[in-house]
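Accompanying notes for the structure given below.
The values are calculated or read from the model by the stated rules, or taken from the named source; none is laboratory data. Nothing here was measured: the structure is a model prediction, and the numbers come from that model. Glycine gets a Cβ as well: all are built from the backbone with ideal geometry, and neighbour counts include every protein chain shown.
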Amino acid sequence: MRLRTVLALGAAAGVGAASGALWASSGAPVWAAALAAPETKAFWYASRSTGWVSYGLLWLATCLGVSLSGRLTRGSTAAVLAELHRFSAGLALVFLGAHALALLGDRYVQPDGADILVPFRFPERTAWVGLGQLAAYVAAAVYGSSWVRRRTGYRFWRGLHYAAFGAYGLGTVHLLGAGTDVGPATGTAVAASAAVVAVLLGLRTWDGSARRASRGEVTGR
(Lines give C-alpha, C1' and ligand atoms only; values in the text may rest on other atoms or scores of the structure.)
Protein backbone atom coordinates (compact mmCIF):
# COMPACT_ATOMS: atom_id res chain seq x y z
CA MET A 1 0.00 0.00 0.00
CA ARG A 2 1.30 3.45 -0.85
CA LEU A 3 2.03 6.09 1.75
CA ARG A 4 -0.64 8.38 0.30
CA THR A 5 -3.30 5.75 0.89
CA VAL A 6 -2.19 5.26 4.49
CA LEU A 7 -2.19 9.01 5.06
CA ALA A 8 -5.64 9.39 3.50
CA LEU A 9 -7.07 6.63 5.70
CA GLY A 10 -5.37 8.21 8.69
CA ALA A 11 -6.87 11.57 7.81
CA ALA A 12 -10.31 10.02 7.57
CA ALA A 13 -9.83 8.42 10.99
CA GLY A 14 -8.60 11.75 12.35
CA VAL A 15 -11.68 13.58 11.09
CA GLY A 16 -13.83 10.93 12.72
CA ALA A 17 -11.97 11.27 16.01
CA ALA A 18 -12.25 15.06 15.90
CA SER A 19 -15.97 14.80 15.21
CA GLY A 20 -16.32 12.44 18.13
CA ALA A 21 -14.45 14.84 20.41
CA LEU A 22 -16.69 17.71 19.29
CA TRP A 23 -19.76 15.61 19.95
CA ALA A 24 -18.47 14.63 23.39
CA SER A 25 -17.89 18.26 24.34
CA SER A 26 -21.29 19.51 23.22
CA GLY A 27 -24.34 17.29 23.02
CA ALA A 28 -22.96 14.12 24.57
CA PRO A 29 -25.34 14.00 27.57
CA VAL A 30 -28.44 14.41 25.42
CA TRP A 31 -27.31 11.84 22.88
CA ALA A 32 -26.18 9.44 25.57
CA ALA A 33 -29.62 9.53 27.14
CA ALA A 34 -31.25 8.90 23.78
CA LEU A 35 -28.95 5.98 23.02
CA ALA A 36 -29.56 4.47 26.44
CA ALA A 37 -33.33 4.45 25.98
CA PRO A 38 -34.66 0.87 25.81
CA GLU A 39 -36.67 1.55 22.66
CA THR A 40 -33.91 3.34 20.73
CA LYS A 41 -33.25 2.32 17.13
CA ALA A 42 -30.19 4.51 16.78
CA PHE A 43 -27.80 1.57 16.68
CA TRP A 44 -29.89 -0.20 14.05
CA TYR A 45 -29.92 2.92 11.88
CA ALA A 46 -26.17 3.32 12.40
CA SER A 47 -25.54 -0.27 11.39
CA ARG A 48 -27.73 -0.05 8.30
CA SER A 49 -26.26 3.26 7.11
CA THR A 50 -22.64 2.19 7.59
CA GLY A 51 -23.45 -1.12 5.93
CA TRP A 52 -24.79 0.65 2.87
CA VAL A 53 -21.73 2.91 2.68
CA SER A 54 -19.44 -0.11 3.02
CA TYR A 55 -21.29 -1.93 0.26
CA GLY A 56 -21.07 1.08 -2.03
CA LEU A 57 -17.34 1.37 -1.45
CA LEU A 58 -16.90 -2.36 -2.02
CA TRP A 59 -18.76 -2.02 -5.31
CA LEU A 60 -16.54 0.90 -6.32
CA ALA A 61 -13.38 -1.02 -5.41
CA THR A 62 -14.62 -4.01 -7.42
CA CYS A 63 -15.36 -1.90 -10.50
CA LEU A 64 -11.99 -0.20 -10.32
CA GLY A 65 -10.21 -3.51 -9.80
CA VAL A 66 -11.85 -5.02 -12.87
CA SER A 67 -10.94 -1.99 -14.96
CA LEU A 68 -7.32 -2.11 -13.81
CA SER A 69 -6.86 -5.87 -14.12
CA GLY A 70 -8.20 -5.86 -17.66
CA ARG A 71 -6.04 -2.89 -18.59
CA LEU A 72 -9.07 -0.94 -19.71
CA THR A 73 -7.23 2.14 -18.52
CA ARG A 74 -3.78 3.37 -19.44
CA GLY A 75 -1.05 5.71 -18.25
CA SER A 76 -1.65 8.31 -15.57
CA THR A 77 -5.36 7.51 -15.45
CA ALA A 78 -4.55 3.95 -14.39
CA ALA A 79 -2.28 5.23 -11.61
CA VAL A 80 -5.00 7.48 -10.23
CA LEU A 81 -7.61 4.72 -10.42
CA ALA A 82 -5.24 2.26 -8.73
CA GLU A 83 -4.84 4.65 -5.81
CA LEU A 84 -8.60 5.16 -5.64
CA HIS A 85 -9.09 1.39 -5.78
CA ARG A 86 -6.84 0.84 -2.77
CA PHE A 87 -8.38 3.72 -0.84
CA SER A 88 -12.00 2.71 -1.48
CA ALA A 89 -11.24 -0.89 -0.51
CA GLY A 90 -9.63 0.18 2.76
CA LEU A 91 -12.40 2.63 3.56
CA ALA A 92 -14.98 -0.09 2.84
CA LEU A 93 -13.41 -2.19 5.61
CA VAL A 94 -13.48 0.78 7.99
CA PHE A 95 -17.21 1.25 7.49
CA LEU A 96 -17.67 -2.51 7.63
CA GLY A 97 -16.13 -2.50 11.10
CA ALA A 98 -18.48 0.31 12.14
CA HIS A 99 -21.38 -1.66 10.66
CA ALA A 100 -20.54 -4.65 12.84
CA LEU A 101 -19.76 -2.70 16.01
CA ALA A 102 -23.04 -0.77 15.84
CA LEU A 103 -24.93 -4.05 16.10
CA LEU A 104 -23.52 -4.59 19.58
CA GLY A 105 -25.76 -1.78 20.82
CA ASP A 106 -28.93 -3.08 19.15
CA ARG A 107 -31.67 -3.43 21.78
CA TYR A 108 -33.80 -5.89 19.80
CA VAL A 109 -31.29 -8.58 18.80
CA GLN A 110 -28.76 -7.94 21.59
CA PRO A 111 -25.85 -9.85 20.02
CA ASP A 112 -22.53 -10.43 21.78
CA GLY A 113 -19.01 -10.31 20.38
CA ALA A 114 -19.03 -13.94 19.31
CA ASP A 115 -22.28 -13.41 17.40
CA ILE A 116 -20.57 -10.65 15.45
CA LEU A 117 -17.28 -12.46 14.79
CA VAL A 118 -18.32 -16.09 14.26
CA PRO A 119 -20.10 -16.77 10.95
CA PHE A 120 -23.61 -18.22 11.13
CA ARG A 121 -24.01 -17.60 14.84
CA PHE A 122 -25.97 -14.34 14.70
CA PRO A 123 -29.36 -14.85 16.41
CA GLU A 124 -31.41 -13.04 13.74
CA ARG A 125 -31.54 -14.04 10.05
CA THR A 126 -28.61 -16.32 10.76
CA ALA A 127 -27.94 -17.58 7.23
CA TRP A 128 -28.10 -14.18 5.56
CA VAL A 129 -25.93 -12.54 8.20
CA GLY A 130 -23.50 -15.46 8.04
CA LEU A 131 -22.96 -14.82 4.33
CA GLY A 132 -22.18 -11.22 5.14
CA GLN A 133 -19.67 -12.30 7.77
CA LEU A 134 -17.95 -14.54 5.24
CA ALA A 135 -17.88 -11.65 2.77
CA ALA A 136 -16.19 -9.48 5.40
CA TYR A 137 -13.45 -12.02 6.06
CA VAL A 138 -12.84 -12.61 2.36
CA ALA A 139 -12.66 -8.86 1.69
CA ALA A 140 -10.24 -8.40 4.59
CA ALA A 141 -8.04 -11.25 3.30
CA VAL A 142 -7.93 -9.78 -0.21
CA TYR A 143 -7.09 -6.33 1.09
CA GLY A 144 -4.50 -7.66 3.52
CA SER A 145 -2.76 -9.62 0.77
CA SER A 146 -1.39 -6.36 -0.59
CA TRP A 147 0.67 -5.97 2.58
CA VAL A 148 2.46 -9.29 2.02
CA ARG A 149 2.58 -9.24 -1.76
CA ARG A 150 6.37 -9.18 -1.86
CA ARG A 151 6.54 -12.34 0.26
CA THR A 152 3.78 -14.31 -1.41
CA GLY A 153 4.58 -13.32 -4.99
CA TYR A 154 2.56 -11.70 -7.71
CA ARG A 155 0.86 -14.90 -8.92
CA PHE A 156 -0.57 -15.74 -5.47
CA TRP A 157 -1.61 -12.14 -4.90
CA ARG A 158 -3.38 -11.92 -8.25
CA GLY A 159 -5.08 -15.29 -7.76
CA LEU A 160 -6.34 -14.31 -4.32
CA HIS A 161 -7.75 -11.09 -5.75
CA TYR A 162 -10.26 -13.10 -7.74
CA ALA A 163 -11.88 -13.86 -4.38
CA ALA A 164 -12.94 -10.20 -4.34
CA PHE A 165 -15.77 -11.18 -6.68
CA GLY A 166 -16.89 -13.68 -4.06
CA ALA A 167 -16.83 -10.98 -1.38
CA TYR A 168 -18.90 -8.68 -3.58
CA GLY A 169 -21.38 -11.46 -4.42
CA LEU A 170 -21.75 -12.61 -0.82
CA GLY A 171 -22.12 -9.00 0.31
CA THR A 172 -24.88 -8.46 -2.23
CA VAL A 173 -26.80 -11.54 -1.09
CA HIS A 174 -26.32 -10.50 2.54
CA LEU A 175 -27.67 -7.01 1.84
CA LEU A 176 -30.77 -8.32 0.11
CA GLY A 177 -31.45 -11.12 2.58
CA ALA A 178 -30.52 -9.59 5.93
CA GLY A 179 -31.91 -6.11 5.39
CA THR A 180 -35.30 -5.51 6.93
CA ASP A 181 -35.78 -2.35 4.87
CA VAL A 182 -35.14 -3.82 1.44
CA GLY A 183 -37.77 -2.84 -1.12
CA PRO A 184 -38.20 -2.41 -4.88
CA ALA A 185 -35.97 0.68 -4.97
CA THR A 186 -33.22 -1.19 -3.14
CA GLY A 187 -33.47 -4.15 -5.48
CA THR A 188 -33.30 -1.88 -8.52
CA ALA A 189 -30.21 -0.09 -7.20
CA VAL A 190 -28.43 -3.34 -6.39
CA ALA A 191 -29.34 -4.84 -9.77
CA ALA A 192 -28.08 -1.74 -11.58
CA SER A 193 -24.78 -1.81 -9.69
CA ALA A 194 -24.36 -5.53 -10.41
CA ALA A 195 -25.03 -4.83 -14.10
CA VAL A 196 -22.17 -2.33 -14.13
CA VAL A 197 -19.82 -4.99 -12.72
CA ALA A 198 -21.06 -7.49 -15.31
CA VAL A 199 -20.46 -5.03 -18.17
CA LEU A 200 -16.94 -4.29 -16.94
CA LEU A 201 -16.24 -8.01 -16.69
CA GLY A 202 -17.49 -8.45 -20.23
CA LEU A 203 -15.24 -5.67 -21.48
CA ARG A 204 -12.31 -7.13 -19.59
CA THR A 205 -12.90 -10.56 -21.13
CA TRP A 206 -13.22 -9.05 -24.60
CA ASP A 207 -10.04 -7.01 -24.12
CA GLY A 208 -8.12 -10.08 -22.97
CA SER A 209 -9.35 -12.15 -25.91
CA ALA A 210 -8.44 -9.40 -28.36
CA ARG A 211 -4.93 -9.09 -26.98
CA ARG A 212 -4.37 -12.86 -27.09
CA ALA A 213 -5.60 -12.97 -30.68
CA SER A 214 -3.29 -10.09 -31.57
CA ARG A 215 -0.30 -11.86 -30.05
CA GLY A 216 -1.24 -15.02 -31.94
CA GLU A 217 -1.25 -13.14 -35.24
CA VAL A 218 2.13 -11.63 -34.54
CA THR A 219 3.58 -15.00 -33.54
CA GLY A 220 2.19 -16.68 -36.66
CA ARG A 221 3.86 -14.24 -39.03
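Points to keep in mind about this one:
- Residue list for the stretch 154-200, filter: polar (S, T, N, Q) and in a helix (DSSP H, G or I): THR172, THR186, THR188, SER193
- Complete set of residues in the stretch 124-164 that are more than 21 Å from GLY51 (Cβ to Cβ), touching a residue at least 60 places away in the same chain (Cβ under 8 Å) and surrounded by 14 or more Cβ atoms within 10 Å (Cβ to Cβ): SER146, HIS161
- The residues on offer are ALA32, ALA17, and the sole one that is farther than 27 Å from TYR137 by Cβ and at pLDDT below 70 is ALA32.
- Residue within the stretch 122-143 that is of a type in the set (S, T, N, Q) and over 21 Å from LEU91 (Cβ atoms) present: yes
- For the stretch 86-123, residues that are buried (at least 19 other Cβ atoms within 10 Å of the Cβ) and over 18 Å from ALA135 (Cβ atoms) total 2.
- Out of ALA24, ALA8, sole residue that is loosely packed, with under 15 Cβ neighbours inside 10 Å, out of contact with any Ser or Thr (no Cβ under 8 Å at 6 or more places or on another chain) and modelled with pLDDT under 85: ALA24
- Only one of the numbered conditions (1) aliphatic (A, V, I, L, M); (2) without any contact (Cβ under 8 Å) to a residue 40 or more places away in the chain; (3) closer than 23 Å to ALA141 by Cα is violated by LEU175, and that is (2).
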